[in-house]
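What follows is a set of notes on a single structure, which appears directly below.
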Amino acid sequence: MQENNHLAIRVMLLPKDTNAHGTIFGGAILSQIDLAAAVEARRHCRKRLVTVAMNEVVFREPVHVGDIVSFYTRLERIGNTSITVAVDVQAQRAADPDVVISVTEAQVTYVAVDTDGKKSAVR
């Protein structure tokens, strides 16, 4: 994790978030990635932002019920109408809180839009 990362969200995922294999749904983590990135994007732009892209997300490790999952963010780029945020996802194991593993990372891009849903300048 780089030094300029911010802790955007920390959650404990629960049984409602599990798949048939007993681990947390990837979609539940993707949703939290989007929320964490939105927290970071909002630090840099007060306009309405919509998600337009999330790069390939590879889950290197499973997340288990009761793990504490932290979503660290950093601003990657601000363009004329878009903001890209990097998200690093780490899990602190419920079974052994001394163990923290890297789960995945993603880049999420948002576009600023006006009240009609048309692209607008970020700044």
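Here are a few things to note about the model shown:
- Among (1) surrounded by fewer than 16 Cβ atoms within 10 Å (Cβ to Cβ); (2) under 17 Å from Q90 (Cα atoms), the one test that T23 misses: (1)
- At least 1 residues being within 21 Å of V99 (Cα to Cα) is the threshold, and among the strands (runs of 3 or more DSSP E) wholly inside the stretch 1-89 those reaching it are 6-12, 68-78.
- Test: residue in the stretch 1-8 that is under 30 Å from K119 (Cα atoms) and hydrophobic (A, V, I, L, M, F, W, C): yes
- Leading residue by the ranking (surrounded by the fewest Cβ atoms within 10 Å (Cβ to Cβ)) among those in the stretch 104-123 that are among the aliphatic types (A, V, I, L, M) and outside any loop (DSSP other than H, G, I, E, B): V113
- Within the stretch 79-99, if we keep just the residues that are without any contact (Cβ under 8 Å) to a residue 24 or more places away in the chain and within 18 Å of T23 (Cβ to Cβ), the residue that is surrounded by the fewest Cβ atoms within 10 Å (Cβ to Cβ) turns out to be D96.
We did not get these values from a lab; they are worked out from the coordinates using the rules stated. Just so it is clear, the model here is predicted, and its values are computed rather than measured. Note that we place each Cβ from the backbone using ideal geometry, even for glycine, and neighbour counts take in every protein chain shown.
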